[in-house]
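Working notes for the structure below.
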Protein chains: 2
Amino acid sequence: MITYDFEKSDGPLYLYIYKCIKDDIISGKLKSGEKLPSKRAFARNNGISTITIQNAYDQLVSEGYIFTIPKKGYYVADIMKDIYTAPQANISFDINVPREDPNVIYDLSDNGINPDNFPFSVWAKVSRRVMSEKKEELMKISPSGGVRELREAIAAHLLSFRGMLVDPDQIIVGAGTEYLYGVITHLLGKDKIYAVENPGYTKLLKIYSKNGIQCGFASMDESGITAAELNRLKADVAHICPNHHFPTGITMPACRRHEILAWANEKNGRYIIEDDYDSEFRSQGKPIPTFFSIDGCGKVIYINTFSKSLSPTVRISYMVLPVHLANKYYDTMSFYSCPVSNFEQYTLARFMNMGYFEKHINRMRLFYMRQRKGIMDAVRKSTLGKYCTIIENDSGLHFLMKINSDIPTEKISKMLYDNGIKINSLGDYRLSGDKFENDYYIINYSVLTAERVTKILKIIEERIIIGNRE
Amino acid sequence: MITYDFEKSDGPLYLYIYKCIKDDIISGKLKSGEKLPSKRAFARNNGISTITIQNAYDQLVSEGYIFTIPKKGYYVADIMKDIYTAPQANISFDINVPREDPNVIYDLSDNGINPDNFPFSVWAKVSRRVMSEKKEELMKISPSGGVRELREAIAAHLLSFRGMLVDPDQIIVGAGTEYLYGVITHLLGKDKIYAVENPGYTKLLKIYSKNGIQCGFASMDESGITAAELNRLKADVAHICPNHHFPTGITMPACRRHEILAWANEKNGRYIIEDDYDSEFRSQGKPIPTFFSIDGCGKVIYINTFSKSLSPTVRISYMVLPVHLANKYYDTMSFYSCPVSNFEQYTLARFMNMGYFEKHINRMRLFYMRQRKGIMDAVRKSTLGKYCTIIENDSGLHFLMKINSDIPTEKISKMLYDNGIKINSLGDYRLSGDKFENDYYIINYSVLTAERVTKILKIIEERIIIGNRE
């Protein structure tokens, strides 16, 4: 008869008994085929309840250490021959997580959002109302492309802000554009050559490469990429930011758009992905009509995000598919769940429907205009002003600046970095890796404050300009 | 001198002028190279402000219809030769969105969540506090694997609920398990053969196939899949639900776990993906120790989700990677943004840290136990009770039921469907497509109410059992 020292038990008694018996089985003290005492006998002999023994036995059965023969009792399983002793693994426990660079104090490459600019109180209010009024909808699985209410709100926004007339069913909501890029490669096929703009958004290249896509780098003239360049690359798909190219700021003019559309129509299977990532912040004039609007043949996928217009930490983006691709999506990919939480989908939908989004965009557009003007003025008035040329590009959250100096760009970047200032030049976005001696710098100002600008300019003046003259 | 009928303008005047000039350029009325009137002359002649003309000209310049020569003026661009007329596209505008089946009144395949069971008021309270106290963090880009606070909360949960000791940096947060399956295929490589359980989770197969993965279907005995079966399939990776297999409910016993681990250790590059999707709801006994816990060699990826424990509409899941794969993730994939919104990451983290998650799970476990018992009792007491066998499987949100009848399963399913009842049988989860004459049905009860069960049983009694006897 097995007995154990119940004094040693801390925690539920059944777990203790389970563990004792299991250890005895593994150590070989209890042999395969051996009969265990009946629950009642075990319980009586030890002065505990049969339920406790029952629970311990059940657990051992469910883990396969013992088995039961109905009306006969419990037996030790033939487990020893299978017990596998893990080899002495010689594995490391060091995890190398990418950390922030502690040397960087002023980050001019940061294009995030200042917490003061996020409409927290309105967002919280809308979110609270959604939770109290939409319980049923919040618990109902979202259609793969996103909840109807959000897609309708996006369609209304596209109509009023971009003059685009789209069916909400053409809209697919995703958790960030990165997610949607992946969906696009499934829809268009992975055997195609994708042309990406050079210089351009380096992450795009990484994502396409991860998805097994072959990419070609399309050079640009002052109007953007050309059909000739797409032909040279033998591209099937052109992924472009025609409305405000990152980082050069180029807006593709109408005639070039027609040229690229003509290229797409020359052959079946050719597509244009129109990435309209920051169209909300063009600061003057009517925004350029989108490729999607002037396309009559279902050749354009329009893609946009709330990362710039709301916050990159709210992971909501969307794309508008031509009808035949929308149907392909529903046929072949709608088994995927929408990756965005219903809570955020409904909150954003209501935020848009109640006009808060439009107000927020207008406020932010003004804020960024002033921000840009303030920073450019500060630069122009500073000692640096005499040594640099600024290129505004009428929109977006950055401007370009060239330092007119004999010191090569890389050396200036290094000097700035040594003084705690991180800054990117166009070279950092050249996919082919070319570097220029005297390159443009990209000044992101979305999170810059006047105070920080003053400090940065002072560092540049004292340690770089004067330092180099001496 | 150009003049336009300004009476016709509705909306901003500059837009009207822009449109008139643009139309004249496209129609050829204004010829390439033609000089436009100076802003001042144009304004004076029409009695409008030069700013208005300036805006119209700027827009035309940015779209490429006109160009400017400094100190000379504005000229019509040579646009005609490039203007591209879209071919008369013969494309459809019909979108075929998958719709809910209007015939289905009672859906026994629905494993969603009843809105009454989601802790709305606590969630709203926590979310509100997060928004008022964590503005900075909410606007700071999340690390690729998820915000620290959530990963720490998950690590604490895994320790107390599953006895798993993991470094928060081993945890990668994703928007649903589907997202994480994609990440896994990148980490382990797409050239590998993945074994999936048969019967099993059919969506898994679809997702792996979409990701270009070759899958083998591993048959199961009463303890789950076997090493022999993995060898037969020449599998490199085994994706399994060892703790509560869906849909059979099998729990893999200890000895079989060691056998599968031994298989994984026989060769480099072999891995086990342990899908622990509903472990929170095992209703009795201590949960089985996970594969991840007994693995000493970094062979197991543990994956779990809040879909079952919280709601499928909150898209948060996570996986725990062995250290070397975590490092591979940080090296090669951390350029991906975390697809889950900061708002929900911080809300969930606090919800867990304040003990609400544990309370919720305990409440739900009890609820589901009662739910299951109530429904099984109702079935047993009904006329159907005499004709069926119920297999409980101690956990999860469904049980299995076999109808002891000569009528083939497919015919019963059809009869039920014709009466508005949707129900799945094991055959619907057999990846190889085999159907059995007399198969088990899967009864999901997470959203069933007593009232609906009574109605369903009445339909079955009156229209199927009695109907077939007559």
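The table below gives the values:
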| read-out | value |
| --- | --- |
| Mean Cβ count within 10 Å, highest first, over the residues of peptides B:30-37, B:257-264 | B:257-264, B:30-37 |
| Chains B and A together, accessible area buried on both sides, 1.4 angstrom probe, square angstrom | 7800 Å² |
| Local electrostatic count, B:Leu150, Cβ distance below 13 Å [Lys/Arg +1, Asp/Glu -1] | -1 |
| Shielded residues, the stretch B:231-258 - accessible-area loss of 20 Å² or more between chain alone and all protein chains, probe 1.4 Å | B:Pro253, B:Ala254, B:Cys255, B:His258 |
| Net charge, A:Val323 excluded, C-beta distance under 14 Å - Lys, Arg +1, Asp, Glu -1 | -3 |
| Average other protein chain Cβ within 10 Å of Cβ, residues B:179-192 | 1 |
| Where Rh is the Kirkwood radius over Cα pairs, Rg/Rh for chain B | 1.17 |
| Nm distances between copies for B:Asn103, ranked from closest, using label points 7 Å along Cα→Cβ | 6.9 |
| Cross-link partners of B:Lys71 among lysines (Cα-Cα below 30 Å; sequence separation of 8 or more within a chain) | A:Lys286, A:Lys373, A:Lys381, A:Lys386, A:Lys402, B:Lys19, B:Lys22, B:Lys29, B:Lys31, B:Lys35, B:Lys39, B:Lys81 |
| Estimated distance in nm for a label pair at B:Met333 and B:Cys297, the labels positioned 7 Å out from Cα along Cα-to-Cβ | 2.3 nm |
| Shortest-first distances to equivalent copies, position B:Thr449, nm, label 7 Å out along Cβ | 5.4 |
| Cβ-placed point charges (K, R +1; D, E -1), dipole of the protein assembly as shown about Cα centre in debye, nearest 20 | 1200 debye |
| Of all DSSP beta bridges in the protein assembly as shown, antiparallel share, percent nearest 5 | 55 percent |
| Shortest-first nm distances, B:Glu461 label point to equivalent points in other copies (7 Å, Cα→Cβ) | 9.1 |
| Gap separating the Cα centres of the stretch B:4-70 and the stretch B:156-187, nearest whole Å | 60 Å |
| Relative contact order for the stretch B:352-470, counting Cα pairs under 8 Å that sit 6 or more residues apart, in percent | 27 percent |
| FRET efficiency, 1/(1 + (r/R0)^6) with R0 30 Å, evaluated for B:Asp101 and B:Asp406 via beta carbons | 0.60 |
| Helix-only CD estimate at 222 nm, as mean residue ellipticity for the protein assembly as shown, using -39500 (n - 2.57) per DSSP H run (n ≥ 4) | -12000 deg cm²/dmol |
| Solvent-accessible area lost in complex, 30 Å² minimum, residues of the stretch A:301-344 relative to chain alone, 1.4 Å | A:Thr313, A:Arg315, A:Val323, A:Asn327, A:Tyr330, A:Phe335, A:Tyr336, A:Ser337, A:Pro339, A:Ser341, A:Phe343, A:Glu344 |
| Cα-centred dipole magnitude for the stretch A:147-263, charges only on beta-carbon of K, R (+1) and D, E (-1), debye, nearest 20 | 260 debye |
| Distance between modelled label sites at A:Arg40 and A:Ser132, nm, 7 Å Cα→Cβ extension | 6.1 nm |
| Kirkwood hydrodynamic radius of the stretch B:128-266, Cα pairs, Å | 17.2 Å |
| Unit charges on C-beta of K, R, D, E only; dipole of the stretch A:217-345, Debye | 120 debye |
| Solvent-accessible heavy-atom area per residue, rounded to whole Å², over chain B at 1.4 Å | 43 Å² |
| Fraction of accessible area attributable to carbon and sulfur, the stretch B:1-41 (%, probe 1.4 Å) | 52 percent |
| Proximal charge balance of A:Lys72 [Cβ under 15 Å; K/R count +1, D/E count -1] | +3 |
| Relative contact order [Cα under 8 Å, 6+ residues apart], chain B, whole percent | 18 percent |
| Inverse mean reciprocal Cα-Cα distance (Kirkwood Rh) of the protein assembly as shown, Å | 31.6 Å |
| Cα pair count fraction exceeding 28 Å, expressed as % - the stretch A:196-336 | 15 percent |
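The values are calculated or read from the model by the stated rules, or taken from the named source; none is laboratory data. Given the structure is predicted, the values throughout are model-derived calculations rather than measurements. A quick note on method: Cβ atoms are made from the backbone with ideal geometry, for glycine too, and the neighbour counts reach across all protein chains shown. Each accessible area value is taken on the protein alone, full model and side chains, heavy atoms only, with ligands, DNA and RNA left out. Shrake-Rupley method; radii C 1.70, N 1.55, O 1.52, S 1.80 Å.
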